[in-house]
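Inspection log for the structure reproduced underneath, given as structure tokens.
The values are calculated or read from the model by the stated rules, or taken from the named source; none is laboratory data. Everything quoted here is computed from the prediction, not taken from an experiment. Cβ placement follows ideal geometry from the backbone for every residue including glycine, while neighbour counts extend to all protein chains displayed. With ligands, DNA and RNA removed, areas are computed over all heavy atoms of the protein, side chains included. Shrake-Rupley method; radii C 1.70, N 1.55, O 1.52, S 1.80 Å.
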Amino acid sequence: MQAELLIHAPWILPVDAADSQLDDHAIAVSEGRIQALLPSTEARASIEAQREIELPGHVLIPGLINAHTHAAMSLMRGLADDLPLMTWLHEHIWPAEQRWVDPAFVGDGTRLAVLEMLRGGVTCYNDMYFHPEVSAQVTAEAGMRAVIGMIVIDFPTGYAADADGYIAKGLALHERYRDHPLIQVAFAPHSPYTVSDTPLSRVRTLADQLEIPIHIHVHETRDEVTQSLRDHGQRPLARLDGLGLLDPALLAVHMTQLEDAEIERLAATGAHVVHCPESNLKLASGFCPLARLLDAGVNVALGTDGAASNNDLSMLGEMRTAALLAKGVSGSAAAVPASAALRMATINGARALGLDDEIGSLETGKAADIVAIDLGDAHTQPVYHPTSQLVYAASSHQVRQVWINGRQVLRDGAPTLIDTADTFARARTWGERLAASD
Ligand SMILES: [Zn+2]
């Protein structure tokens, strides 16, 4: 058999249905896809590869999927910390956005975020931000995969004047990326408290026609629920349900406030939850009942949220926090084991985005989105269980090689398609501008 690329490693975690661990195996890649997974000895005997790579001490995993972020907000990392959500939003983030967010800001911020995510083993992210056509372009140029949100919000910004304006711009973006190999487009109405019923209903209808997901913040805080009860006489999730939004196309982000009946309703409708534990902790938003959601059969993916509320875009860190927090919140050390955290950061994210036929696991026929992590460092030795080292001990600097659609986008820890020095210089310039006006 011929292959373009053959990668050998002592451990492969394919994140298949059986949570297998393959020791001393190889992955053969051709035309951007996984051609075979087989023992290295067999691969050496039977496969003639154009390029063969040995990665001793490394574990190979599917590319991590960051199921909720605002990539360009990387330029607001550390601008305003240690503040309650509404103070943080109203007094710092929204004023900075009104003053500074334009296509140049989104381009430079997204490039910094893409660089950070690739270095952390993230191969696909689900974004929600202004000027998404710029995010899409920057991401495609870096060889990265993304689901870019068509943001919808009631109030005017530098990007659009009203909900119809946002939707019109989003539809043009969708049309432009219709058959792109890396970029998909989804609806991203900001939240039930910033988008009224009419545009939400329109999003529902259009998402059905285009067969794309709807990505929205829901039940981020207790105040959001209280305000909805006052203004609409119902909880935000019930309001979305009434508008027909609860179905397998929905990605409900945060969900820190959940009653038993709501968990049952999510499970029954097939809606997905995106858990963002570090953002919820930092903004003291509350605790998503992760173990109960998983027990009920709800598909839960994992996201970092924006870098202004995390403050990094590390999915390795997010997996660890999710697994640890779930134990604390549920009172059970058995809750959300390492393998479940890894599933949330890979296949569950793919499923939530409707991309599980393509990505989320290392299986024959799927896209070759592959991450190699070097476990040969002090804090990941010795290796009893690679999944455990990955979730409970590894950090982003151990991510050494990343392939997306079979193309190498990170080599020996450095991006192959992004100018790192230029990206950092631009970030510093924006930092000086924002600091002067905050
Ligand atoms: Zn968010």
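What tally of residues in the stretch 367-405 results from selecting those that are in a loop (DSSP other than H, G, I, E, B), closer than 27 Å to residue 4 by Cα and under 20 Å from the mean Cα position of the chain (by Cα)? Number satisfying all stated conditions: 3.
Only residues that are in contact with a helix residue (DSSP H, G or I) (Cβ under 8 Å, 6 or more places away or on another chain) and more than 15 Å from the ligand (Cβ to nearest atom) were counted across the stretch 285-304, and they come to 12. Is the stretch 419-428 home to any residue that is under 23 Å from residue 322 (Cα atoms), open to solvent by 10 Å² or more (accessible area, probe 1.4 Å) and not in a loop (DSSP other than H, G, I, E, B)? Scanning the stretch 419-428 turns up no residue that is under 23 Å from residue 322 (Cα atoms), open to solvent by 10 Å² or more (accessible area, probe 1.4 Å) and not in a loop (DSSP other than H, G, I, E, B).
Across the stretch 207-224, which residue is surrounded by the fewest Cβ atoms within 10 Å (Cβ to Cβ) among those that are among the aliphatic types (A, V, I, L, M) and within 16 Å of the ligand (Cβ to nearest atom)? Across the stretch 207-224, the extreme among qualifying residues is 214. For the stretch 258-284, filtering for residues that are within 16 Å of the ligand (Cβ to nearest atom), crowded, with 21+ Cβ neighbours inside 10 Å and closer than 23 Å to residue 331 by Cα leaves 9. Quick one: how many residues across the stretch 84-113 are among the hydroxyl-bearing types (Ser, Thr, Tyr) and farther than 16 Å from residue 305 by Cβ? Of the residues in the stretch 84-113, 1 are among the hydroxyl-bearing types (Ser, Thr, Tyr) and farther than 16 Å from residue 305 by Cβ.
Consider the stretch 54-74 and keep the residues that are under 28 Å from the mean Cα position of the chain (by Cα) and over 30 Å from residue 354 (Cβ atoms). The one that is surrounded by the most Cβ atoms within 10 Å (Cβ to Cβ) is 58. Listed conditions (1) more than 23 Å from residue 251 (Cβ to Cβ); (2) open to solvent by less than 40 Å² (accessible area, probe 1.4 Å) are all met by residue 400, apart from (2).
Would you check which residues across the stretch 14-52 are under 28 Å from the mean Cα position of the chain (by Cα) and aliphatic (A, V, I, L, M) and list them? Once the filter is applied, which keeps residues that are under 28 Å from the mean Cα position of the chain (by Cα) and aliphatic (A, V, I, L, M), the stretch 14-52 yields 15, 17, 18, 22, 26, 27, 28, 29, 34, 36, 37. Kindly check whether there is at least one residue in the stretch 116-128 that is more than 14 Å from the chain's Cα centre (by Cα) and of a type in the set (Phe, Trp, Tyr). For the stretch 116-128, residues more than 14 Å from the chain's Cα centre (by Cα) and of a type in the set (Phe, Trp, Tyr): absent.
Among the residues making up the stretch 258-308, those that are among the small types (Gly, Ala, Ser) and farther than 22 Å from residue 214 by Cβ are 284, 286, 291, 307, 308. For first residues located in the stretch 269-293 and within 25 Å of residue 249 (Cβ to Cβ) and at pLDDT below 95, partners that are open to solvent by less than 20 Å² (accessible area, probe 1.4 Å) and hydrophobic (A, V, I, L, M, F, W, C) and lie 6+ apart or on another chain with Cβ distances below 9 Å form the pairs 285/85; 285/276. Would you point out the residue of the stretch 57-76, among those that are away from the ligand (no atom under 16 Å from the Cβ) and out of contact with any Ser or Thr (no Cβ under 8 Å at 6 or more places or on another chain), that is farthest from residue 396 (Cα to Cα)? Among them, the one singled out is 57.
Let's see how each residue does on (1) touching a helix residue (DSSP H, G or I) at 6+ places or on another chain (Cβ under 7 Å); (2) closer than 27 Å to residue 52 by Cα:
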residue	(1), (2)
381	no, yes
399	yes, yes
403	no, yes
430	yes, no
438	yes, no
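Exactly one condition in (1) among the small types (Gly, Ala, Ser); (2) touching a helix residue (DSSP H, G or I) at 6+ places or on another chain (Cβ under 8 Å); (3) buried (at least 19 other Cβ atoms within 10 Å of the Cβ) is not met by residue 196; state its number. With respect to (1) among the small types (Gly, Ala, Ser); (2) touching a helix residue (DSSP H, G or I) at 6+ places or on another chain (Cβ under 8 Å); (3) buried (at least 19 other Cβ atoms within 10 Å of the Cβ), residue 196 is out only on (3). Of the residues making up the stretch 258-278, those that are within 19 Å of the chain's Cα centre (by Cα) and in a helix (DSSP H, G or I) number 2. Filtered by the rule that a residue be small (Gly, Ala, Ser) and over 29 Å from residue 282 (Cβ atoms), the stretch 52-84 gives a lone residue, 57. Here residue 147 fits the description: within 16 Å of the ligand (Cβ to nearest atom) and under 21 Å from residue 114 (Cα atoms).
Every condition in (1) closer than 20 Å to residue 427 by Cα; (2) modelled with pLDDT under 95 holds for residue 113 except the one numbered (2).
Is it fair to say residue 177 is among the aromatic types (Phe, Trp, Tyr) and either touching a residue at least 60 places away in the same chain (Cβ under 8 Å) or open to solvent by 10 Å² or more (accessible area, probe 1.4 Å) (or both)? Against the criterion (among the aromatic types (Phe, Trp, Tyr) and either touching a residue at least 60 places away in the same chain (Cβ under 8 Å) or open to solvent by 10 Å² or more (accessible area, probe 1.4 Å) (or both)), residue 177 qualifies.
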